[in-house]
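Structure first, then comments.
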Amino acid sequence: MGEQKIPGGFPAPGSPPGPGAAVIFGSFLRLGITAFGGPAMIAHIKEMSVKRNGWLTEGTFSDGIVICQSLPGATAMQMAAYVGLRLGGVRGAFASYVGFGLPAFLLMLVLAVLYSGSREVPLVLSLFQGLQVMVVAIVGAAIAGSLMFKESAPPPASARKEGDTGHVPGSIVIFMILAFAGVGRSS
């Protein structure tokens, strides 16, 4: 937009208004349709709001990342709301949040309806049992991968107790995996 900004990144009084709630909603709806999840979406939000449309400055966007990463919850959803808030106040935050989250919500709703009608089908049961095995394998690979990085720097001495090396012994990790593998099993 190129308007003057006052400290904090807000538009100067008397500057032209930013995009309306409908434009904000539409922009984030398009982004939400192509969203693949996770913090990687922040780069796409930045591309749209800082580089392409010039709605925010680099500094204001960076401030938003700091705020959103310090809060619990989905950082990408929070960044969508932050950008909307900076552009259009509470209405802008609501528009961006709903626009960004609506496609994923509708997809989950459709999948839930499909699942509720087919959860007793043997093919669907087999599919979900296979997915359970895949989830265990992914978690196991992540844990094994973290154990391979024993050469990484231990936490600073100020964060450790006396005698603590900063590493979790492999035997404890294996015990935790086996303990949690039995959770939820009814034999």
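Please treat every number below as a calculation from the coordinates, not as lab data. As the structure is a prediction and not an experimental result, all values here were calculated from the model.
Tabulated values for the structure
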{"quantity": "Net lengthening on full extension, residue 62/residue 34 (0.36 nm per residue, minus Cα-Cα)", "calculated": "7.8 nm"}
{"quantity": "Karplus (6.51, -1.76, 1.60) ³J(HN,Hα), θ = phi - 60°, over the stretch 85-98, in Hz, Gly and Pro reported as x", "calculated": "5, 5, 7, x, x, 5, 4, x, 5, 5, 4, 5, 5, 5"}
{"quantity": "Principal axis box of the stretch 21-118, alpha-carbon based, largest edge first, Å", "calculated": "50, 28, 22"}
